[in-house]
1. Keeping all protein chains in the complex and leaving out DNA, RNA and ligands, what accessible area do you get for Asp258 with a 1.4 Å probe, in Å² to the nearest 10?
2. Mind checking the angle between helix 360-376 and the chain's longest principal axis? C-alpha axes, 0 to 90 degrees, to the nearest 10.
3. Could you compute the net charge surrounding Ala201? Neighbours are other residues with a C-beta less than 14 Å from the C-beta of Ala201; K and R count +1, D and E count -1.
4. Tell me, in nm to one decimal, what length is gained between Asp138 and Ser161 on full extension, where the rule is 0.36 nm per residue of separation less the Cα-Cα distance?
5. Averaged per residue, what accessible surface does the range 388-442 expose to a 1.4 Å probe, in Å²?
6. With a 1.4 Å probe and all protein chains left in place, how much accessible area per residue does the range 13-165 have, in Å²?
7. May I ask you to compute the full-extension gain from Ala312 to Gln229, defined as 0.36 nm times their residue separation minus their alpha-carbon distance, rounded to one decimal in nm?
8. According to a simple spin-label model (label point 7 Å from Cα along Cα-to-Cβ), what is the distance in nm between Gln242 and Asp49?
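The values are calculated or read from the model by the stated rules, or taken from the named source; none is laboratory data. None of these values were measured; they are calculated from a predicted model. Cβ placement follows ideal geometry from the backbone for every residue including glycine, while neighbour counts extend to all protein chains displayed. Just so you know, the surface numbers come from the protein's heavy atoms only, side chains and all, with ligands and any DNA or RNA stripped out. Shrake-Rupley method; radii C 1.70, N 1.55, O 1.52, S 1.80 Å.
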Amino acid sequence: MSSGIAGRPWNSLSFRLTLWYAGIFAVTSLVAFFLFYLLITTVIREGTDQELAGQAEQFSLVLRERGIEAVETFALLEAQAAGVKKVFFRLLYPNGEAFSSSSMSYWQDIAVHKEAVERLIAGQRRVYETVLLSARKDQVRVLYALIGPGVILQVGRSMESSSRIVAAFRGIFLTTMALLVGLAAGVGWFMARRAVSGVEAVTRTARIVARGSLEKRVPVKPRGDEIDQLAMTFNQMLDRIQTLVTEVREMSDNIAHDLKNPITRIRGSAEVTLTTARTLPEYETMAASAIEECDRLLDMINTMLMISKTEAGVEMPAAGEIDLAVLAREACELFGTTAEDRGVQMTCDLPAHCPLRGDARMIRRLLANLLDNALKYTPPGKTVTVSVVETGQQALLAVRDTGIGIPAGDLPRIFERFYRGDQSRSQTGIGLGLSLARAIARAHGGEIAVASTPGTGSTFTVTLPKPGPQPADKLL
Ligand code: ADP
């Protein structure tokens, strides 16, 4: 993936973010420039218009007070004073014909605009227009004004100096903008790289993990921003996957080991019978022992399947009404004989009823596993107590024994599949009983816990939630 981006950098997020950043900056600056440009040109034009109007007022005053000859002289003097290249004056009859003007050698391209004259005659006070002198590449602002009865003044002023200001402004702006857009692209690139580098670190680690190194982790910085959160979540996910992979690996080793022994025994006994035995009873004995071993294997496989299905939520407990006290009493009766045979004293401390919602078959299995263990790991003369207590929204089932206890080192692992404590090797079992008990408790929304002291005994406590109060409409 990264090799693809390395080959085509314009596909990278950093490149696109930089482009956006620089693009938005450039567009915003251009809009600002345009508005500013509009403002400057308007202010300059309005200033020029005011000057032209002021001059028209002066001409009107001269005409009123000193007559038309004075106006003609005034036009010549005013043009000379301001500069004949900068300003011109033309005096027109109402039909648009010029009867006097200042020096027009620089203004030959400027004609009398008939339409402007007509608008004045129609009553408009002043008519402005902008004329572009193509030969001089210069703009001229022209005013037509009626300065007295039958006398129209056409006055024009070169906009050259203001055009120079605008051109200088444009040049400065474009240079500044090019520099700023370059700077914005640089800053944008730096920021985008900083933001994306965290994502790249996650991608790099994901690629290494995909090649098989499950122990690799993303370095997490102490900033705690979104990228660090992503890195932390990614690392947690890897921890979980690694634990699962290790568990699956251990489990398949255990399954292989636990299947190998009985199958070897079945094969051995069949081989011995084939090569040595001749009588029917000997064949019958072999068949019986093969059935016994197969039953053990089937039991193990079924238990494994049940744990997997219960943990994965495939086998959901039936939500029937059950009575934990009644089920515990039944289990006590069932295991009473075994306890007697082993010389263990079994006590049941149970309330008359403890109604719950759950799966009776599963809870029976849980009870059987806990009682079986308690009796297996408790020497003759010691005690096993089964009790059920209701506390608020919970029911507590406790199976307490005064048996061999569990070493502290084993406690965190006894609920794992196939885990068997060293001291239990002499006893029958495959290490799945407590895994199944935990899966059942959790499938019922509960939990199982253990407290144990080696040499003193163990207590397994199962917490199961009690059903909430029935809604009023159901009680009716
Ligand atoms: P197992 O078939 O070995 O009994 P379990 O999953 O039921 O498998 O139990 C796992 C391990 O927990 C046992 O091997 C044993 O070491 C320990 N254990 C369980 N229950 C008890 C108990 N009541 N007293 C002492 N050790 C126990």
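1. Answer for Asp258: close to 40 Å² accessible.
2. Rounded to the nearest ten degrees, it is 60.
3. Numbers: positive: Arg193, Arg194, Arg204, Arg207, Lys216, Arg217, Lys221, Arg223; negative: Glu200, Asp225, Glu226, Asp228.
Cβ neighbours under 14 Å give a net charge of +4.
4. Details: separation 23, 0.36 × 23 = 8.28 nm, distance 0.98 nm.
Extending this stretch completely gives an extra 7.3 nm.
5. Numbers: 2510 Å² over 55 residues.
Counting only protein heavy atoms, the per-residue value for the range 388-442 is 46 Å².
6. Details: 8870 Å² over 153 residues.
Normalised by residue count, the accessible surface of the range 13-165 is 58 Å².
7. Details: separation 83, 0.36 × 83 = 29.88 nm, distance 2.79 nm.
Gain on stretching Ala312 to Gln229: 27.1 nm.
8. My value for the distance between the label points is 7.7 nm.
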